Each structure stands twice: as structure tokens, then as C-alpha cells.
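**Q** The structure under discussion is supplied below as C-alpha cells; questions concerning it will follow.
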Amino acid sequence: MPISDMGLELIEKGYSIIPVVAGEKCPLEKGWTTKDYDKVWFDKAVVNGSAKCSVGIKSKYTPGADIDTTIEAVQELMFDYIWDHFKGDFIRWGKRPLVVFRCKTPFKKMSSKKFFDSDGEKHQLEILGDGQQYVISGTHPSGIDYRTNGDIVPVDDLPLIDVEKAQAMIAYFETVMTNQGLSPVKKEAEKLPL
């Protein structure tokens, strides 16, 4: 869904949106972290063609828990954890799911250790924070469409997350991955040529 279809509703519900190049994950413009894509910008974008872009959300005050795994059992356990601890259910579906939160005090991106399965596929949890963005609607570079799981939740109704809660979620993800029989990759091993 292009920015013209849901951008205004996201703005009205308190999100800081950005235009993202359609079919990619990168912002349309440099300087997006300091630019305000408000209703005035949106009205002009509809006229000048930027409205065909995908929709990104700045994660400074609306962090996203990017559940970067295709293992369905792990996704389900993470959804259960997020529901039990946060009552969070505003989910962006696509190649891999992302759950949207809000925070009072911005924090930088936090990541779990990386796990690789026998096929060489990476599995990781990333909590995207200040200075980051994520696509909420549009098309992933693989061609899969991003979509939300229902109505757009107003920012004020999103569950709160902070550094400590994010660290606990990451620790839980790492335990789940270990219980799946996968071991974290050491940083030195990531740099070795294949």
C-alpha cells in the first residue's frame, strides 16, 4: 500500500512517517531523520508523485521489534511473549514480522546475537530505535508486500517499551533460539570468509 493510502491516517494517529523508495527499504530523501513529514508535506506529496512511495515510520518514539526469523515456532513464542508482557498486537507482516511499540525516552537500536541455521539463514531480533526507520507498508525488495494486521493503532495506545524491557525481550529471543538447537555466532566467526 503506497503512502497515499495510509500516510495521512498514520500522521493523524501520531506517527512520524517517512517516504521510502518503493520496492526497497531505504528512505526517499537524505536528511529524513530531521525532516518533518507532516500533513502539509503529505498534501504536496500527493500532487508531486511522492505519494507512490512505500511508508516508513521513524523509530525514535515508535521502536519496532523486528523478529528477523522465518522459524514459525520462534515467531509464535515471540508473539506470546510480547502479548504477555506488553499486550502488543500492532504487527507489520512481510518477509518477517515486526511489532510496533512506543517509548518515552528514545534509545538506539538494540540487537540479539546472530544465529544461523544449517541452511545459512540468519535469525536475529532487532529493536529499531532512535536514528532508525522501518517500512510499515509497501513492497519488500524480495517482492513480498508489507501489510499490517488490521486497523492502525494510535501511537498513544501502543505498548510502552524501554531499554530494560528491550534487553529482556532480546534475552528471551536468545533463549528461544538456543532451545531451537542453534548457537549464537561469535563476532570473529562472522568476519571469516566462507
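The values are calculated or read from the model by the stated rules, or taken from the named source; none is laboratory data. Computed from a predicted structure; not experimentally measured. Please note: Cβ atoms are built from the backbone with ideal geometry, for glycine as well, and neighbour counts cover all protein chains shown. The accessibility values were calculated without ligands, DNA or RNA, using every heavy atom of the protein model including side chains. Shrake-Rupley method; radii C 1.70, N 1.55, O 1.52, S 1.80 Å.
**Q** Per-residue HN-Hα couplings for segment 159-168, Karplus 6.51 cos²θ - 1.76 cosθ + 1.60 at θ = phi - 60°, whole Hz, x for Gly and Pro?
**A** x, 7, 9, 9, 4, 5, 5, 5, 4, 5
**Q** Next up: What list of ³J(HN,Hα) couplings, whole Hz, do you get for segment 12-20 from phi and the Karplus terms 6.51, -1.76, 1.60, once you set θ to phi - 60° and write x for glycine and proline?
**A** Couplings: 5, 9, x, 7, 9, 9, 9, x, 10 Hz.
**Q** A further question on this structure: Just want the answer: with Cβ charges of +1 for Lys and Arg and -1 for Asp and Glu, which residue in THR148, ILE18, THR175 is farthest toward the dipole's positive end in the chain?
**A** ILE18
**Q** Nearest 10 degrees is fine. How inclined is helix 39-48 to the longest principal axis of the chain, computing both from alpha carbons?
**A** The answer is roughly 80 degrees.
**Q** Using the per-residue mean of other Cβ atoms lying within 10 Å as a proxy for protection, in what order, highest first, do the peptides 146-153, 4-11 fall?
**A** Packing order, densest peptide first, comes out as 4-11, 146-153.
**Q** Another question, then. Out of residues 5 or more away from GLY88 or on other chains, whose amide H comes under 5 Å of its own, with H placed 1.01 Å from N in the peptide plane?
**A** Residues meeting the criterion, in which the H sits 1.01 Å from N, are TRP83.
**Q** Using a 10 Å cut-off on Cβ atoms, rank the peptides 117-127, 166-176 from the highest mean neighbour count down.
**A** 166-176, 117-127
**Q** Counting heavy atoms of the protein chains only and a 1.4 Å probe, report the per residue accessible area for the chain as a whole number of Å².
**A** I get 52 Å² per residue for this part.
**Q** Can you pull the Kirkwood radius for segment 85-145, inverse mean 1/r over Cα pairs, to one decimal in Å?
**A** Kirkwood radius, segment 85-145: 13.6 Å.
**Q** In whole Hz, with x marking every Gly and Pro, tabulate ³J(HN,Hα) for segment 120-136 from phi via Karplus 6.51 cos²θ - 1.76 cosθ + 1.60, θ = phi - 60°.
**A** Working through the residues one at a time gives x, 7, 7, 10, 7, 10, 10, 9, 6, x, 3, x, 10, 8, 9, 7, 9 Hz.
**Q** Here's something else I'd like to know. Cα atoms only: what Rg and Dmax, in Å, come out for segment 1-122?
**A** 16.1, 50
**Q** What Kirkwood hydrodynamic radius do you get for segment 82-194 when you take the inverse of the mean 1/r over all pairs of distinct Cα atoms, in Å?
**A** Hydrodynamic radius (Kirkwood, Cα only) of segment 82-194 equals 15.7 Å.
**Q** With n ≥ 4 as the cut-off for DSSP H runs, can you work out [θ] at 222 nm for the chain, using -39500 (n - 2.57) per run divided by the number of residues, rounded to the nearest 500?
**A** Only helices count here, giving -9000 deg cm²/dmol.
**Q** From Cα pairs below 8 angstrom and at least 6 apart in sequence, can you work out the relative contact order of segment 66-194, rounded to a whole percent?
**A** Reported as a whole number, the value is 30 percent.
**Q** Considering amide H positions built from the backbone, and no H for Pro or chain starts, which residues 5 or more places from ILE136, or on another chain, come under 5 Å of its amide H?
**A** Those qualifying (amide H under 5 Å, at least 5 residues apart or on another chain) are VAL55, GLY56, ILE57.
**Q** Here's something else I'd like to know. Would you mind checking which residues have amide H under 5 Å from THR148's amide H? H placed 1.01 Å from N; only 5 or more apart, or other chain.
**A** TRP93
**Q** So, in nm, how far is label SER4 from label GLU29 when the simple model puts each one 7 Å beyond its Cα toward the Cβ?
**A** 1.9 nm
**Q** Could you sort CYS103, CYS26 by accessible area so the largest value comes first, with the probe set to 1.4 Å?
**A** Final ranking, largest accessible area leading: CYS26, CYS103.
**Q** Determine the dipole magnitude for segment 96-152: charges of +1 sit on the beta-carbon of Lys and Arg, -1 on that of Asp and Glu, nothing else is charged, the reference point is the Cα centre, and the result goes in debye to the nearest 20.
**A** Roughly 320 debye for segment 96-152.
**Q** How much of the accessible area of segment 1-155, in percent, comes from carbon and sulfur atoms when a 1.4 Å probe is used?
**A** Ligands and nucleic acids excluded, carbon and sulfur give 49 percent.
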